[in-house]
1. Looking at LEU210, LEU184, LEU180, which one is at pLDDT 95 or above, in the same structural domain as ARG223 (by TED's automatic domain parsing) and surrounded by fewer than 24 Cβ atoms within 10 Å (Cβ to Cβ)?
2. In the stretch 155-203, what residues are polar (S, T, N, Q) and either under 17 Å from the mean Cα position of the chain (by Cα) or closer than 26 Å to PHE24 by Cβ (or both)?
3. Output yes when any residue across the stretch 197-220 is within 12 Å of the ligand (Cβ to nearest atom) and either of a type in the set (Asp, Glu) or out of contact with any Phe, Trp or Tyr (no Cβ under 9 Å at 6 or more places or on another chain) (or both), and no when none is.
4. For the structure I just gave you, tell me whether CYS267 is modelled with pLDDT of 90 or more, within 8 Å of the ligand (Cβ to nearest atom) and not small (Gly, Ala, Ser).
5. Which residues, taken from the stretch 86-96, are within 18 Å of THR64 (Cβ to Cβ) and of a type in the set (Gly, Ala, Ser)?
6. Checking LYS151 against (1) surrounded by fewer than 17 Cβ atoms within 10 Å (Cβ to Cβ); (2) in contact with a Lys or Arg (Cβ under 8 Å, 6 or more places away or on another chain); (3) touching a residue at least 40 places away in the same chain (Cβ under 8 Å): exactly one of these is not met. Which one?
7. Restricting to helices (runs of 4 or more DSSP H) lying wholly in the stretch 88-168: which have 3 or more residues that are among the β-branched types (Val, Ile, Thr)?
8. Residue check: is GLY159 away from the ligand (no atom under 16 Å from the Cβ), modelled with pLDDT of 90 or more and either closer than 21 Å to THR67 by Cβ or surrounded by fewer than 18 Cβ atoms within 10 Å (Cβ to Cβ) (or both)?
Amino acid sequence: MKKQNHFALDEKLSEISRRDFMKFCGIMAVSMGLPIGVAPQIAEAITNPKRRPPVIWLHGQECTGCTESLLRASHPSLEHLIFDLISLDYHETLNAGAGHQAEAALHNSIKENAGKFILVVEGSTPLKEGGKYCMIGGRPFVDIVKETAAKAAAVIAIGSCASWGGVQSSPPNPTGATGLPEVLKGTTVVTIPGCPPNPYNFLSTVLYFLTFGKLPALDDKARPKFAYGRLIHENCERRPHFDAGRFAEKFGDEGHRQGYCLYKLGCKGPITNANCPSILFCDVGAGAWPVGTGHPCFGCTEQAVGFKIPLHTQAEVSQITPDAAHAPIETEQGKGLSAGAAGVLGGIAGVAIGAGAVIAKQLGQSEEGE
Ligand code: SF4
């Protein structure tokens, strides 16, 4: 499609057509659970250079998967994320400089932007033995995090490791790996858990802050409600199979090949809150999320589930449903079931977010030929 009507406010944004840019703002509005009419407000916030927040991104104990996930965001592409939507002043993976040069950049950014920058932390913070299991520039990571957070306007823990410790906090947790909310007790730390987290949940949170000057509504684990307000099980595309009592019993069996529900293979969707089935990953289309590819959800967005409950263990389903309407989990396909009524009940739960996802997906689709 020939790009026309370029956005003129910014040299970098001018590389995106206005149509694509407004589409992106619409996707962000919908993923924040806001009316699509808010898109122009988001657009105004993004294109106002005075409101573009400096971001300092620190890495603790992690695999850089969260950054990799962000690098895969393509609405818009990374260079636009970095240079136009946020001002990424310091990021250890993406920094051009290294050593003393990088350290100086960090200190200068903190000094110049005190009280204005957003601190993003990726990875857990080891607390055992004075924090010596993660040293940066000769200093314990925990000290750097505390100093930087004290001068930040907002603090975001991205990924499960930063949110609650992640895999390295599993017993016996030899380094004392700890999540940021524990390290910064008394400070509001927005958590965006996931292994990896969906980049749009991060971008939406930053844009919400940018647009409205405040953080989005958070749940009791400080996760944005717009992203973590519903169980995966409520919006899963395999939910009709669950409701109908059709389950994969073993990896590779007929039920697995047919795309049946993965509950009996240990899927933690019924006890895990996240919007994975609604917004998917990697912009490659339908099915781009664990359950969509045939792997049970392992609950990475829940502190008490991911890396804690073994994958093969079946989740306790607390979403009470009437026997007459939902098949018992142990019911074999086609036995003792009123699937139609069950499907209706199951479907109602996810209508709101599901509709939002459809709108977002439509917005994200190519409009070749228009
Ligand atoms: Fe989907 Fe897992 Fe729920 Fe089955 S148990 S419907 S696979 S989330």
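The values are calculated or read from the model by the stated rules, or taken from the named source; none is laboratory data. Just so it is clear, the structure is predicted and the values come from calculations on it, not from any experiment. When we count neighbours, we look across all protein chains shown, and the Cβ atoms used for this are built from the backbone with ideal geometry, even at glycine.
1. Criteria check complete, one pass: LEU184.
2. SER160, SER163, THR191, ASN198, ASN201 - these are the residues of the stretch 155-203 that are polar (S, T, N, Q) and either under 17 Å from the mean Cα position of the chain (by Cα) or closer than 26 Å to PHE24 by Cβ (or both).
3. no
4. yes
5. The answer is ALA96, and nothing else.
6. Looking at each condition in turn, LYS151 falls short on (2).
7. 141-149
8. Judged against the criteria, GLY159 is a match.
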